[in-house]
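The values are calculated or read from the model by the stated rules, or taken from the named source; none is laboratory data. The structure presented is a predicted model; accordingly, all values stated were derived computationally and were not measured. A quick note on method: Cβ atoms are made from the backbone with ideal geometry, for glycine too, and the neighbour counts reach across all protein chains shown. Quick note on the areas: whole protein, heavy atoms, side chains included, nothing else; ligands and nucleic acids left out. Shrake-Rupley method; radii C 1.70, N 1.55, O 1.52, S 1.80 Å.
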Amino acid sequence: MSEQTAAEYSFLVGFDGEWRDTWWNADFLSLMAKRWRLADVQRVLDIGCGVGHWGRTLLPHMPDTTTIDGVDREASFAERASAKAAELGLAGRARYRHATIESLPFDDGTFDFVTCQTVLMHVADVPTALAEIRRVLKPGGLFAACEPDNLAEAMTSHRGFPGTPWKDVLQLLDFQHTCYEGKRALGRGDSSIGDTLPGLLAEAGFTDLSVYQSDKCPWLVPPYQTRDQAIDLRQILQWIDAGICIFGHGSRAETEEVYLAGGGDPARFGPLFDLAIESQQRWKAAVVAGKYHGGRAVTAYLVSGRKPA
């Protein structure tokens, strides 16, 4: 990894536990499987597979004969994905290895379907990555990516009850935007790439483009007892208790690095970081007191396109 260790990144993105299981409604994925014609797919590539969650989530919507290859730039994640596949009895259908999106270790025209989830948002040179994806797709094969606009989600995260004062919201949104600009400047990707991804696929030569948004909306209403609410709340509180700046970019040191790289004023970093942490603590206090309620409009784009036949 670049700015974080593998363990730190794994914690930050919730690889462990059940949190990622709450990202999708099962009936919506069934609909997307029909739209993507996954019933016709035999060989799949899951890029930036992490510990294998996204590929395994889609696998039930494909024929029993379908196989998945997964690659990740972090070797330990590929190893964990292999172990999980074996644990679930999928060792014969899912295999994982260490590789990068910019240099995929497969022949031209290998796969019917290539996919990734929250991966391109961490890629410095997306056109090069898309060209490599197109290379390993069979003619007529489909590429589908799920990528966010995290800045759009940030707005709604402040609007629950009791909400953040508007003057603080403006400061926190500008702080987060500056951190995202710094992430881009450091060559670590665009956390809101979902907005521009359809155009990037068109420029890369993909056709039959389609763009959808996930219909899943996380929400919290006391006493927070539904399964998804409990899992979501547990994950957010773990981040807060670990000192993670949800409105920045991880730890204080990591957030300062990207903030300054994004052109932020060094003299303002301390007060802004403190405001972000204070806002998170206020949110936690409201939850613990059973007073917080609100939705969080996650903006998750599902963008797909085909390699011309």
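Taking region 185-214 as the range and being over 14 Å from ASP149 (Cβ atoms), surrounded by 13 or more Cβ atoms within 10 Å (Cβ to Cβ) and among the charged types (D, E, K, R) as the test, only ARG188 passes. Selection of region 110-132 for residues being touching a Leu at 6+ places or on another chain (Cβ under 7 Å) and more than 18 Å from LEU200 (Cβ to Cβ) yields PHE111, PHE113. Of all residues in region 53-87, exactly one satisfies the criterion of being of a type in the set (D, E, K, R), more than 21 Å from SER103 (Cα to Cα) and touching a strand residue (DSSP E or B) at 6+ places or on another chain (Cβ under 8 Å), namely ARG56.
Can you pull out every residue in region 210-249 that is among the charged types (D, E, K, R) and farther than 24 Å from MET32 by Cα? Those that are among the charged types (D, E, K, R) and farther than 24 Å from MET32 by Cα: ARG234, ASP241. In the condition set (1) touching a Cys at 6+ places or on another chain (Cβ under 7 Å); (2) open to solvent by 10 Å² or more (accessible area, probe 1.4 Å), ALA81 is compliant with all but (2). Kindly evaluate TYR259 against the criterion of being under 22 Å from the mean Cα position of the chain (by Cα), in contact (Cβ under 8 Å) with a residue 60 or more places away in the chain and in a strand (DSSP E or B). Here the answer is no, as TYR259 does not meet what is asked. On the stretch given as region 60-80, residues that are out of contact with any Phe, Trp or Tyr (no Cβ under 6 Å at 6 or more places or on another chain) and under 15 Å from CYS116 (Cβ atoms) total 7. For region 274-307, the set of residues classified as without any contact (Cβ under 8 Å) to a residue 60 or more places away in the chain and either assigned to a strand (DSSP E or B) or touching a strand residue (DSSP E or B) at 6+ places or on another chain (Cβ under 9 Å) (or both) consists of ILE277, GLN280, listed by residue number. Scanning region 218-254 for residues that are open to solvent by 50 Å² or more (accessible area, probe 1.4 Å) and among the aromatic types (Phe, Trp, Tyr) yields one hit, TRP219. With respect to ARG184, is the statement that it is touching an Asp or Glu at 6+ places or on another chain (Cβ under 8 Å) and either within 29 Å of ARG268 (Cβ to Cβ) or part of a loop (DSSP other than H, G, I, E, B) (or both) true? Criteria met by ARG184.
For region 151-162, check the following and say yes or no: at least one residue is among the acidic types (Asp, Glu), open to solvent by 10 Å² or more (accessible area, probe 1.4 Å) and at pLDDT 95 or above. Looking for residues that are among the acidic types (Asp, Glu), open to solvent by 10 Å² or more (accessible area, probe 1.4 Å) and at pLDDT 95 or above, one finds none in region 151-162, hence no.
Among the residues here, THR118 does not qualify as of a type in the set (S, T, N, Q), open to solvent by less than 50 Å² (accessible area, probe 1.4 Å) and over 30 Å from GLN280 (Cβ atoms). Across region 295-308, the qualifying residues are those that are modelled with pLDDT under 95 and open to solvent by 40 Å² or more (accessible area, probe 1.4 Å), and the one among them that is nearest to the chain's Cα centre (by Cα) is VAL298.
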